[in-house]
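Following: one structure in structure tokens, then a few remarks.
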Amino acid sequence: MDIKQIDHIGIAVKNIEESLEIYKLLGLECTGIETVDDQKVKVAFLPCGESELELLEPTSEDSAVSKFIEKKGEGMHHIAVRVDNIEKALAELKDKGIRLIDETPRYGAGGAKIAFVHPKETKVLIELTQRD
Ligand code: ZN
């Protein structure tokens with residue numbers, strides 16, 4: 001599997017607007033906010049060189065991000081790595097016996113194709129991202 005770069009780092013927050021004020025003090029500007037209904041989250045994008053930070057605010061109590069915050073508190077939720085061919089990457093990982101949350105890609109924020117690897121072995125949730 002050919003990983004190109006860290007695409008983004010996802011940070012779970014209770015309130016995007018409040019968090020944006022803090023990140024603004026760090027010099028990171030928000031370039032857009034989008035709601036991803038599929039994942040029940042509102043996402044804010046903060047470009048940071050070649051990659052970006054994504055603040056994730058749950059829009060529903062049954063959102064996976066809600067459950068994450070309940071269990072672990074606000075903070076780093078996942079690391080996304082960019083690949084050229086997500087279907088190929090998933091097939092390779094499956095062959096190697098790596099547990100996956102998504103065996104087929106779905107669409108995430110910004111229209112990217114995404115899939116999550118199970119955090120059991122990697123200790124942190126890893127997202128594969130393909131941007132066309
Ligand atoms: Zn992400």
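Calculate, for residue 31 and residue 95, the FRET efficiency according to 1/(1 + (r/R0)^6) with r their C-beta to C-beta distance and R0 30 Å; round to the nearest 0.05. Could you put the intermediate results ahead of the total?
Details: r = 37 Å, r/R0 = 1.24.
FRET efficiency, residue 31 to residue 95: 0.20.
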Legend entry - Highest-first arrangement of 71-84, 107-120, 26-39, where packing means the average Cβ count within 10 Å: 107-120, 71-84, 26-39
Inset, instruction - Just need the relative contact order of region 3-130 here, percent rounded to a whole number, with Cα pairs under 8 Å and 6+ apart. - result: 26
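Given R₀ = 25 Å, what would the calculated FRET efficiency be for residue 5 paired with residue 88, taking r from the Cβ atoms and rounding to 0.05?
Numbers: r = 17 Å, r/R0 = 0.70.
For R0 = 25 Å, the calculated efficiency reads 0.90.
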Legend entry - Helical mean residue ellipticity (222 nm; -39500 (n - 2.57) per DSSP H run of 4+; nearest 500) of the chain: -7000 deg cm²/dmol
Legend entry - Two-site label geometry, residue 102 and residue 59: point separation in nm, points 7 Å out along Cα→Cβ: 1.6
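If you add up the charges near residue 11, with Lys and Arg at +1 and Asp and Glu at -1, over every other residue whose beta carbon is less than 9 angstrom from its beta carbon, what do you get?
Net of charged neighbours comes to -2.
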Legend entry - Intensity falloff of the chain expressed as log10 I(q)/I(0), Debye formula with alpha-carbon point scatterers, at q = 0.13 Å⁻¹: -0.52
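None of the figures in this text is laboratory data; all of them are computed from the coordinates on show. All values derive from a computational prediction rather than experimental measurement. Virtual Cβ from ideal backbone geometry, glycine too; neighbours counted across all protein chains shown.
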